[in-house]
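Here's the structure, in structure tokens; my notes come after.
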Amino acid sequence: MTFSTADLHDEHEGKVQVANILMQSYGRKARFSGPISTVKCFEDNSLVRAALEEPGNGRVLVVDGGGSIRCALVGDKLAEMAMKNGWAGLVVHGCIRDSAVISTLDIGIKALGTNPRRSVKKGAGERDIALNFAATTFTPEDWLYADEDGILLSRMKLI
């Protein structure tokens, strides 16, 4: 992938949003992009699993975990499932776990950090709704571009 969020921002300034949040990069892909699919959940990754079980078709799953750092919403098994099912990447407003294994997988993942504790599984949450965090709105079917410099959102495909 040969884009830069800095270049895309400069070229489309005023037409894109920049997520104002510091996230760590996990997985082997530092750069990823695709149309957005969303999950909103809090310390329960049931809907994250359900989404990643589906064909990703190059989409990016954005997970709003409320910024909780008390447990992980994605681990190595879900990250590997996402990779095998054709997801371009994940953005997790929360934590992941199994980061050493995830670092070997050919997928891009951004998250706030890591926590070894797994989430509960009660099936709580919502899917494919607009999410608001990081001073931005992550809207399903909009486009997300992520690289070493951050996360950029666009109403349309830029490249």
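The values are calculated or read from the model by the stated rules, or taken from the named source; none is laboratory data. These numbers were taken from a predicted model, which means no experiment stands behind them. Using ideal geometry, Cβ is built from the backbone for each residue, glycine included, and neighbour counts are taken over all protein chains shown. With ligands, DNA and RNA removed, areas are computed over all heavy atoms of the protein, side chains included. Shrake-Rupley method; radii C 1.70, N 1.55, O 1.52, S 1.80 Å.
For region 106-158, the set of chymotrypsin sites (Phe, Trp or Tyr not before Pro) satisfying both a DSSP loop assignment and a count of at most 14 other C-beta atoms within 10 Å is empty. In the set [x] 8.5; [y] 7.8; [z] 13.2, the label that goes with mean projected area of the Cα convex hull in nm² computed for this structure is [y].
Here's how it looks for VAL62: its modeled amide H is under 5 Å from those of SER37, THR38, VAL39, VAL91, which are all 5 or more places away or on a different chain. When +1 charges are put on Lys and Arg Cβ atoms and -1 charges on Asp and Glu Cβ atoms, the dipole computed for the chain relative to its Cα centre reaches about 600 debye. With 0.36 nm allotted per residue and the present C-alpha distance subtracted, the THR137-ARG28 stretch has 36.6 nm of extension available. Calculated [222 nm] ellipticity per residue, helices only, for the chain: -4000 deg cm²/dmol; basis is -39500 (n - 2.57) per DSSP H run with n ≥ 4, divided by all residues, nearest 500.
Take the Cβ atoms of VAL101 and ILE21, set R0 to 25 Å, and the FRET efficiency comes out at 0.55. Size of region 89-154: Rg and Dmax of its alpha carbons, in Å, are 13.4, 35. Just the protein heavy atoms count here, and of the accessible area of region 1-138 at 1.4 Å, carbon and sulfur take up 47 percent.
Derived scalar couplings between HN and Hα for region 124-133 equal 7, x, 9, 10, 6, 10, 5, 10, 10, 7 Hz in order, rounded to whole Hz, by the Karplus curve 6.51 cos²θ - 1.76 cosθ + 1.60 (θ = phi - 60°), x for Gly and Pro. When you filter the trypsin sites (Lys or Arg not before Pro) in region 98-140 for DSSP loop state and at most 14 other Cβ atoms inside 10 Å of their Cβ, you are left with ARG117, LYS121, LYS122.
Set Lys and Arg Cβ to +1 and Asp and Glu Cβ to -1, take the dipole of region 32-116 about its Cα centre, and tell me which of VAL91, ILE107, VAL74 lies farthest positive. The residue sitting most towards the positive pole is VAL91. Solvent exposure of region 17-122 amounts to 43 Å² per residue of accessible area, where only protein heavy atoms count and the probe is 1.4 Å.
Shown here for region 38-81: trypsin sites (Lys or Arg not before Pro) in loop regions (DSSP other than H, G, I, E, B) with at most 14 other Cβ atoms within 10 Å, namely ARG70. Here, region 50-120 yields an orientationally averaged convex hull projection of 4.1 nm² when only Cα atoms define the hull.
The residue list VAL120, ALA51, ALA135 was ranked by how far each Cα lies along the charge dipole of the chain toward its positive end, using unit charges on Cβ atoms, and VAL120 comes out on top.
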